[in-house]
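Q: I am attaching a structure below and will ask some questions about it afterwards.
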Amino acid sequence: MARMAGRRALFAVPVLGVVTFGVFAVAAASPFDPVKAYAGTAGLTASQENLDQLRANLGVDQPLVARWWDWLTSALRGDLGDSSVMRQPVADVIAERMGWSVLLAATAFLVAILLGTGLGVLAARRPGGWLDRCVSSAAYTLEAAPAFWLGLLAIWFFALKLDVLPAGGLTDAASDVVTFGQVASHLVLPAAVLGISQLPWFFLYVRQGVADALAEDPVRGARARGLSERTVLLGHALRSGMLPMLTLIGSRVPELITGALLVETVFSWPGIAAATVEAATSVDFSLLAALTVLATAAVLLGNLLSDLLYGLADPRVAFDG
Amino acid sequence: MTARSIRVAVAATMATALSLTAAACSNPDTAKSGSGSGSTSAVVGIAYEPDSLSPLLGYGKDGNSKIFDGLLALDADMKLRPALAAELPEVSADGLTYTYKLRQGVKFSDGKPFGAKDVVFTYRTILDEKTNNASRTELDAVKDVTAKGEDTVVFTLKYPYAPFAQRTVLPIAPQHIAGKQDVNTGAFTTRPVGTGPYVLTKWSKGEKLSFTANPHYWGGAPEVKKFTMAIIKDDDVRATRLRSGDLDGAILPPNLAKGFADDKGKKTYAATTYDYRTVTLPTHNKVAGDTAVRRALDVAVDRETMVDAILNGDGKPAYGPVPTDSEWFTKGTEREHDLAAAKKILDEAGWKPGKDGVRVKDGVRAAFPLWYLTGDKLRQEHALAYASDAKKAGIAITAEAGTWEVIEPRMKHDAVLAGGGSPADPDFDQYTLLKSSLAGDGFNNMAWYDNKAVDAAIEAGRKSGDKAERKKAYDTVQRELVKNPGYTFLTHIDHLYVVDDRFGPLTTQVEPHDHGLASGPWWNVEKWSTEGAGGSKK
């Protein structure tokens, strides 16, 4: 198990290297002009000379490979460079926002996994029952509903109609201090929306997995041996029904990141996702590369995690290597 | 089920859901405390987040930056008044030297005194080409700036530049802080220190900017003690949060502002602006470059209908960069919508209707593309209305959407639905829009307009220190634009704000194209009175 984790970590190094180069190459080939993005509206009245000077100052007139190599070598020395769009060091941008995004995504992920598993087991117990029919059709509907739209709907209902939850931000708009209670109450809607938008996949996988397992020989055998329905369901069926879901955990990570992006925008959540879009459209090389490394690492970690869980849940599966 | 029981049920459901997660820790009902606790705080929703709060990088260059002061400031009527300068500058007879006496006893919010060295530092840093300031061109006239003793600053100019004093509203940064770090990325860009009425307490990027009143402000401590700008990019979310009481005020597009018209607790303010929408008619295009076509389009377009249909009446027809209610507007240059006249102009110039109704002259079809910025609904509607008006006169304009990256390489030959406008001085817009030597220089003079009479007039307008003479020069420009319009100016757009009633009747300044942080009824939040408003709401 440790060897597998180690091998994957080793494998991640060239992957991350290739990915950062890819980011630089794609960004350089993109039609967006970093100088224009940097100048913003001021760029519309700036003289060409002023813009040319900016281009030189920002170092974006350098060739692609040189820029990438510069970034990579200083990143390895611990200097992530300066973000041109945020006007501050990349490390500061990430430090300011990362924690909030992780909090939001982790909470949402938990909501999705726990609720998805719970509902999936309940639905599988009586396939075709009223609970199964209700939740399944809701799940298919949710699969098609964009997180953005769900967010607006949640704000309209919980913040406006019922006035029970805040509509956005990390804390109340007038409050300066970040307290636990404030953040917790402001986290409810965005995390619920993001979690619920991810829920259908977990629900449908668990439901199918558990329903299939219930029809399999080991379960029938367990029942025949007179084990309680509870033990059969949770001990046998869920255990094998969970397996497909564990692979899902890894593959949902990218989706979670893109979902967070929309949810953060709707709820003015000061996370890293919004900065990612800005970095991309502004061709902010340093920030974009750093964020891509983080996202890639998250995806690789997600895959590793689901493989490890799979191995733990099913003894028949060997860890590679 | 009563509203209350629904509320309890929802709270209970949410709490149950939450108990599954580690974040189950607060009862949503009590966590919701509403915004403004008392009348001494205000929370407003804005659509744009600044990139930087450093004046050295361009923040607050048009004045009114809350955290900072300029040497001068603009009042409600856009007249210059002294701020960090003790009085308006003394201008030498040749217009080349501006001398500012500084206000005494002013301190930065960290307690250190403000002095002439800070002014010199600020301007010299902005003029330094290593500083990434995209607005440096605006100070092009400055040759040098020097301190004469502790309380006097002297600017010397390369050429006489009448509106120079208007440029000195830009905020002054403290040398003892900003001078010690990387000007482009240092901590000062996000944690500024200035002399202004408010002190930045926190900038939670992507979420909000929080300010607290500066009790030692030289202009008197503001009554609104806490001021928060929540950054909410989505228009619908902003309107929703305003309605939910989370915000005390917000900028809104016309269709959403309309929803608050019947709300007794809120007032809608329409700020008049210099924010124009115009169509560039590039000289290098065989059709758009023809003076007859330009003149025909100028009268074929129905500006009144655009104001009514696109702007819901919140705006004015535009006949040039100067709005019709400005003191610089030349009366009598308004153009009525007159389709018959447009057709006559085209007929006389030899543009004869072809088979498909589109006019043709010497084998050239009267057709050209008009680009607008993707996703900008207002520009799209203007472009489509313009194309439809032009079609009635026999000119086929195809509206096409693109990003600036797509549009820019085409600007020399294709028309663009452009916007702009800065109110402080007529020179600011007209020089960059019309001067022939600036054709194709970045986004300046996008239409490649070339008119000797206009060139001479705008030169005269910026050189002369005499207001009557300047007015005459800009009258000439506006009359020339009737004879040979290089652009079809369409509308000037009002900016709409909805603000809680408890702050009393507020004012707005004439606003530029740019939605800066200082725009809106909160342009003078430091002067807001909270008298008699205490405890009226919340």
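The values are calculated or read from the model by the stated rules, or taken from the named source; none is laboratory data. Please read these numbers as outputs of a predicted model, since none were measured by experiment. Backbone-built Cβ (ideal geometry, glycine too); neighbour counts: all protein chains shown. Each accessible area value is taken on the protein alone, full model and side chains, heavy atoms only, with ligands, DNA and RNA left out. Shrake-Rupley method; radii C 1.70, N 1.55, O 1.52, S 1.80 Å.
Q: Run down the aspartates and glutamates and flag those whose C-alpha is under 16 Å from the C-alpha of residue B:361, throwing out any fewer than 8 positions away in its chain.
A: Those aspartates and glutamates meeting the cut-off are B:290, B:347, B:348.
Q: May I have the extent of the alpha carbons of region B:407-538 along their three principal axes, as whole Å values ordered from largest to smallest?
A: Taking max minus min along each principal axis of the Cα atoms, region B:407-538 gives 62, 40, 23 Å.
Q: Along the charge dipole of region B:148-244, pointing to its positive end and built from +1/-1 on Cβ of Lys, Arg, Asp and Glu, which listed residue (B:215, B:193, B:227) has its Cα farthest out?
A: Checked the options; the winner is B:227.
Q: Another question, then. Setting aside same-chain residues fewer than 8 positions from residue B:101, which lysines have a Cα under 16 Å from its Cα?
A: B:117, B:148
Q: Could you tell me what fraction of 2.2 N^0.38 Å the Cα radius of gyration of region B:271-316 comes to, as a two-decimal ratio?
A: Normalised by 2.2 N^0.38 Å, the Cα Rg of region B:271-316 equals 1.41.
Q: Using only Cα atoms, what Kirkwood radius does region A:245-321 have, in angstroms? Before the final figure, lay out the partial values.
A: On the way: mean 1/r = 0.0714 Å⁻¹.
For region A:245-321, the Kirkwood estimate is 14.0 Å.
Q: Give the Debye-formula value of log10 I(q)/I(0) at each listed q (0.10, 0.15, 0.16 Å⁻¹), with one equal scatterer per alpha carbon of chain A, two decimals each.
A: -0.73, -1.24, -1.31
Q: In addition: Select from A:91, A:53, A:169 the residue farthest towards the positive end of the dipole of region A:43-186; place +1 on Cβ of Lys and Arg, -1 on Cβ of Asp and Glu, and compute about the Cα centre.
A: Ranked along the dipole, the leading option is A:169.
Q: Still on this structure, I have one more. Residues of B:440-446, mean number of Cβ from any other protein chain within 10 Å of their own Cβ, rounded to a whole number? Kindly include the intermediate steps, with their values, before the conclusion.
A: Values: counts 1, 6, 12, 10, 5, 0, 1.
Mean number of neighbouring Cβ atoms from other chains: 5.
Q: Could you pull the Rg and Dmax for the protein assembly as shown, using just the Cα atoms, both in Å?
A: Computed over the Cα atoms of the protein assembly as shown, radius of gyration and Dmax are 30.7, 108 Å.
Q: Hey, another quick one. To the nearest Å, what is the center-to-center distance of region B:215-232 and region B:384-418, using C-alpha atoms only?
A: 44
Q: Helix hunt in chain B: which complete DSSP H runs extend at least 30 Å axially by C-alpha with mean Kyte-Doolittle at least -1.0?
A: Helix filter hits for chain B: none.
Q: Amide H to amide H under 5 Å from residue B:399: which residues, 5+ apart in sequence or cross-chain, H placed 1.01 Å off N in plane?
A: Close amide H contacts, sequence-distant or interchain: B:370.
Q: Something else now. Rank these by accessible area, largest first, 1.4 Å probe: A:140, B:274.
A: The residues order as A:140, B:274, largest area first.
Q: Quick one: accessible area per residue over region B:405-538, 1.4 Å probe, rounded to a whole number of Å²?
A: I get 35 Å² per residue for region B:405-538.
Q: Further question on the same structure: Just to be sure I follow: if Rg is taken over the C-alpha atoms of region B:374-445 and Rh is the Kirkwood radius over the same atoms, what is Rg/Rh?
A: Values: Rg = 14.0 Å, Rh = 13.9 Å.
Dividing the radius of gyration by the Kirkwood radius yields 1.00.
Q: Do you know the relative contact order of chain A, to the nearest whole percent, from alpha carbon pairs under 8 angstrom that are 6+ apart?
A: For chain A, the relative contact order is 27 percent.
Q: Same structure, new question: For region A:108-141, which residues drop by 10 square angstrom or more in accessible area between the chain on its own and all protein chains together (1.4 Å probe)?
A: A:110, A:111, A:114, A:115
Q: Oh, and also: Step by step: find N for region A:211-252, compute 2.2 N^0.38 Å, then divide the Cα radius of gyration by it. What's the final number?
A: 1.28
Q: Defining a contact as two alpha carbons under 8 Å apart and six or more residues distant in sequence, what relative contact order in percent does chain B show?
A: Worked out over chain B, it gives 19 percent.
Q: Using only Cα atoms, figure out Rg for region B:129-261 and give it as a multiple of 2.2 N^0.38 Å. Walk me through the numbers on the way to the answer.
A: Numbers: Rg = 19.6 Å, N = 133, 2.2 N^0.38 = 14.1 Å.
Ratio of Rg to 2.2 N^0.38 Å for region B:129-261: 1.39.
Q: Here's something else I'd like to know. Give me the tail of P(r) for region B:307-447 as a percent: Cα-Cα pairs with distance above 27 Å.
A: It works out to 31 percent of all Cα pairs.
Q: While we're on this one: What is the Rg over Rh value, at two decimals, for region B:206-299, using alpha-carbon atoms and the Kirkwood definition of Rh?
A: Computed over Cα atoms, the ratio is 1.22.
Q: Let me ask something additional. Among B:166-176, A:89-99, how do they line up by average Cβ neighbours within 10 Å per residue, starting with the highest? Mind showing how you got there, number by number?
A: Details: B:166-176: 24.1, A:89-99: 18.9.
Descending packing order for the listed peptides: B:166-176, A:89-99.
Q: In whole Å, what are the extents of region B:293-380 along the principal axes defined by its C-alpha atoms, from largest to smallest?
A: Sorted largest first, the three principal extents are 43, 36, 19 Å.
Q: Further, regarding this structure: Tell me: how much accessible area in total is hidden between B and A, 1.4 Å probe, Å², nearest 100? Write down the numbers at each step before the final one.
A: Details: alone 23950 and 17010 Å², together 35320 Å².
For B against A, buried area totals roughly 5600 Å².
Q: Would you list the membrane-span-like helices of chain A, meaning whole DSSP H runs whose alpha-carbon atoms span at least 30 Å along their axis and whose mean Kyte-Doolittle value is at least 0.5?
A: Membrane-span-like by this criterion, though nothing is claimed about a membrane: A:2-29, A:90-125, A:180-214, A:243-266, A:285-313.
Q: May I pose another question? Hey, what's region A:42-148 come to in accessible area per residue, 1.4 Å probe, Å²?
A: 49
Q: Next question, about the same structure. Per residue, what accessible area does region B:194-261 have, given a 1.4 Å probe and all protein chains present, in Å²?
A: 31
Q: Determine the alpha carbon to alpha carbon distance for each of B:233/B:267; A:161/B:377; B:130/B:527; B:377/B:452; A:36/B:392 and list only those over 31 Å.
A: With Cα atoms farther than 31 Å apart: B:130/B:527; B:377/B:452; A:36/B:392.
Q: I've got another one for you. Based only on Cα atoms, what mean projected area does the convex hull of region A:175-306 have, in nm²?
A: 11.0
Q: When the accessible area of chain A is split by element with a 1.4 Å probe, what percent falls to carbon and sulfur?
A: 68
Q: Further question on the same structure: Based on the Cα gyration tensor of region A:1-125, what are the three equivalent ellipsoid semi-axes, each the root of five times an eigenvalue, rounded to whole Å and given largest first?
A: The three semi-axes for region A:1-125 are 40, 22, 14 Å.
Q: For residue B:262 and residue A:110, what is the calculated FRET efficiency with R₀ set at 41 Å and r taken between the beta-carbons, to the nearest 0.05?
A: Working: r = 43 Å, r/R0 = 1.06.
Calculated transfer efficiency: 0.40.
Q: Using only Cα positions of chain B, each an equal point scatterer, no hydration layer, compute I(q)/I(0) via Debye at q = 0.09, 0.10 Å⁻¹ and quote the log10 values to two decimals.
A: -0.75, -0.90
Q: Still on this structure, please answer the following. For region A:126-229, compute Rg over Rh where Rg is the Cα radius of gyration and Rh is the Kirkwood radius from the inverse mean 1/r over Cα pairs.
A: Reported Rg/Rh, Kirkwood definition of Rh: 1.19.
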